[in-house]
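The values are calculated or read from the model by the stated rules, or taken from the named source; none is laboratory data. As the structure is a computational prediction, the values presented were derived from the model and not from experiment. Cβ placement follows ideal geometry from the backbone for every residue including glycine, while neighbour counts extend to all protein chains displayed.
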Amino acid sequence: MNIENMTETEVKALAEEKHEVKGYNVYLVDTGDKYYGYSRIVYKDEQIKYLNDYAGRHLKDTSKDELKKMYLENIENQIFTDEELAAPLKNYDEYRAKSDFLHNHYGMQKPHVSIFHIFHNEQEEKEYDEKVKDMIYDRIAFARYDKKYLDFVKHHEELHDILEQRFSETATDYEYQKSAFRFEMANHEYAINWQADYDTLSAFGNVHWHGDGYGGREEREAYFDDLEFNDVQRRAYEDARKEYLASCDY
């Protein structure tokens, strides 16, 4: 059974429970399959495959009740209403979750064609080009949609721009900025990364290559200039760097 290829009607017929979460239909289904097993399957028009979760991804001794609790609790922080997306940000984790939702989940509501495609021959490339030539591009989903979904694409991009505006409003919040930098330093293994500043700061925008970090503060200032950081952000980064390196046991 390949549940990812099933229609919502087919999944609904198998489901033990259905929950509506922020406008999305969440089905709890026991497929009996070795990998999928007791699963969470999510739909909003189309199946939102990256929001699905399967028993096979978790420890074998995780009970059905534990999986159910996990599935329903996690989904609350993985999907967002328009109003939630437009609200002021509380912390960097919230921004990351909302950004992930917009980039990886929201666009799956409608049929689309990803811009990421591997061609095995020229014929495949020609067929792909022919298929998408009259489609509209969604810069947030990195995908193309039929022209009838123009309003959907526009709204998607508007939501993303609103979120980025909210993120820009945190630029003078020292604690917010420091926590964001600390997270990305850990994410990029700052203490052992030979281009630590470049990789870490690339998470916050486009930067040019100014060196591997051994040039010290001068190189970091060049990266800060690329990102147009204010004094609060520069101080927060330097303090995050000190704290992170002090916490590392190398």
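A few points about this structure:
- In this structure, Tyr223 qualifies as buried (at least 18 other Cβ atoms within 10 Å of the Cβ) and either farther than 18 Å from Tyr244 by Cβ or not polar (S, T, N, Q) (or both).
- Search result, residues across the stretch 26-61 that are within 20 Å of the chain's Cα centre (by Cα), of a type outside the set (Ser, Thr, Tyr) and part of a strand (DSSP E or B): Val26, Arg40, Ile41, Val42, Lys44, Glu46, Gln47, Asp53
- The set of residues in the stretch 1-54 being under 21 Å from Asn104 (Cα atoms), modelled with pLDDT of 95 or more, among the aliphatic types (A, V, I, L, M) and crowded, with 18+ Cβ neighbours inside 10 Å consists of Val26, Ile41, Val42, Ile48, Leu51.
- Here Tyr190, Tyr149, Tyr145 are screened, and the one residue that is in contact with a strand residue (DSSP E or B) (Cβ under 7 Å, 6 or more places away or on another chain) and either in the same structural domain as Ser99 (by TED's automatic domain parsing) or farther than 18 Å from Ser99 by Cβ (or both) is Tyr145.
- Scanning the stretch 61-109 for residues that are among the aromatic types (Phe, Trp, Tyr), touching a Leu at 6+ places or on another chain (Cβ under 7 Å) and under 26 Å from Ala143 (Cα atoms) turns up just one, Tyr95.
- All conditions but one from (1) at pLDDT below 95; (2) surrounded by 14 or more Cβ atoms within 10 Å (Cβ to Cβ); (3) not charged (D, E, K, R) apply to Ile75; the one that does not is (1).
- Residue selection: Ala222 fails the criterion of being farther than 19 Å from Ser168 by Cα and under 23 Å from the mean Cα position of the chain (by Cα).
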